[in-house]
Structure formats: structure tokens, C-alpha cells
Amino acid sequence: MEEDYPRFTADVENDDSSLSDNLFLFVKDNYINSVNAELRKTWNQYGEITSMEDLVSNYTHNTHVLIDGGLITFLIFFALAVTSVLGNSYIQALKNSNAYTIYYMLGMSWKSIALAEAYRSLIILACMCFISYLAGRYGLLMTEWLSPERILSLYGVIFLYLAIIFSLVSLVFLHRLLHKDISVILKELHRGE
């Protein structure tokens, strides 16, 4: 009785040029376990015998590892970006505190000071969004593989991230400036703080 398994023809066995770099042979379920040693030896010269279940399991595992590694990298860079933007904005707000105190003493109202701070934040936000757009346009954000909807979502997330950061820093700065005694601000200004 002839065994029921695929055979390579003599032409394929002797002519390696007809084979591609990858050879996929699909067989019935649990057929790999019943393949005899001679046939395994013949197939192993072209690659590895692996069941579809193992391929799917390995693919799923490798995908999870890749996504988890990317997520950790994203969270680290996100934390660094938040820290740097918040730190820079806070230092700038402290410097502006001195200038706004002097402006107030020279007759500028707190409403005008708040408006000036809002304009400053909006200008910086617009510049950073424009720089992000240019970075994406010229390939620095590597958005070539994204669909137009996802690119738009990426820019939306960047805008929201920057808007939230700058809004929070400006609001905290203005709240502190408006609720702090002017004499304390003048003493800090005089001491160079």
C-alpha cells in the first residue's frame, strides 16, 4: 500500500533554481507527526518543519513582545517629553513673573498680563505644531506607513498634548501670580529669585 504523503519530483530535487527562498508546504492536520524520517530528512534540506499551530503561537508571542517593548519605549519618551516641556515652561513662567510684576507696577492690568501669557502660550503651541507638521512632512516622524486618518490622529494627539501642557502651566502660573501678594513678588524680584 502506497503511503499518502507529498513527494518531490526528481526535477525539483535536482534543480534548486526552481525553488524560492521560502517554501511553504501545507498538509492536513496532525500530518507532520506521521511523516517518516526519510521524508523529514528530504524536507529539512529546504527548511524547517513546523506546524501551523506553532507558527501562529510564535507569531502571537513575538507580536506581543514587540508591542510591549514599543509601549515601554513610548512611555519612557513620553515621560521625558512631559518633564522637559513642563520644566522649560515652568522656568519661563518664573522669568515672566518678574517681567509681569514690573509691567503691573508700570500700570498694566492683570487681565492684560493674563492675555499676554495666553498669547505667548498660543504662539509657542502654533510653532511646535508647525515644527511637528514639518517633521512629519519630511519623514522625521516616519509616517509613510500610516493612513491619512491616522496621520491626522497623530497630529491631533500632538496638538492636544502640547495644548494641555501649555494650558496647565499658564493657568498655574497665572493663578499663583494673581493670588500672590505683590509685596512678596517685589521682594523675590529684588533678591533675584
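The values are calculated or read from the model by the stated rules, or taken from the named source; none is laboratory data. Please read all numbers here as calculations on a predicted model, not as lab measurements. Cβ atoms come from the backbone with ideal geometry, glycine included; neighbour counts cover every protein chain shown. Note: areas computed on protein heavy atoms with side chains; ligands, DNA, RNA excluded. Shrake-Rupley method; radii C 1.70, N 1.55, O 1.52, S 1.80 Å.
Computed about the Cα centre, the dipole magnitude for region 105-193 is approximately 180 debye when only Lys and Arg (+1) and Asp and Glu (-1) carry charge, each at its Cβ. Compactness ratio for region 64-178: Cα radius of gyration over 2.2 N^0.38 Å (N = residue count) comes to 1.33. For region 48-159, the solvent-accessible area of protein heavy atoms averages 75 Å² per residue (probe radius 1.4 Å; ligands and nucleic acids excluded).
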